[in-house]
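Here the structure is laid out as structure tokens; the discussion comes afterwards.
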């Protein structure tokens, strides 16, 4: 299989090989494809989880269950703060 790369990508691959971490351009491309596959799997799982949660929440609304907007805002703010702390 032959693959054409833009000059920028070709230089990126070459830089990776020159760094000594990879022995060849093929190794760089294989690693990139493996990471792309991992990313797609994670994204698919995330989307499935989102759809399940959406289904649960829609079913809750169908049953007449409602949420208290101030409580939801507070909970979302707390989650935001927790995630921000994890990334700093």
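The values are calculated or read from the model by the stated rules, or taken from the named source; none is laboratory data. These numbers come from a predicted model, not from an experiment. Don't worry about glycine lacking a Cβ; one is built from the backbone with ideal geometry, like all the others, and counts go over all protein chains shown.
Here are some notes:
- Within segment 62-78, tally of residues that are assigned to a helix (DSSP H, G or I) and surrounded by 10 or more Cβ atoms within 10 Å (Cβ to Cβ): 7
- Remark: pairs (first residue in segment 2-14, farther than 14 Å from residue 28 by Cβ; second residue outside any loop (DSSP other than H, G, I, E, B) and modelled with pLDDT under 95; Cβ separation under 9 Å; 6+ apart in sequence or on different chains) are absent.
- The condition of being part of a helix (DSSP H, G or I), surrounded by 10 or more Cβ atoms within 10 Å (Cβ to Cβ) and under 18 Å from the mean Cα position of the chain (by Cα) does not hold for residue 59.
- Scanning segment 20-56 for residues that are assigned to a loop (DSSP other than H, G, I, E, B) and surrounded by 10 or more Cβ atoms within 10 Å (Cβ to Cβ) returns 21, 22, 24.
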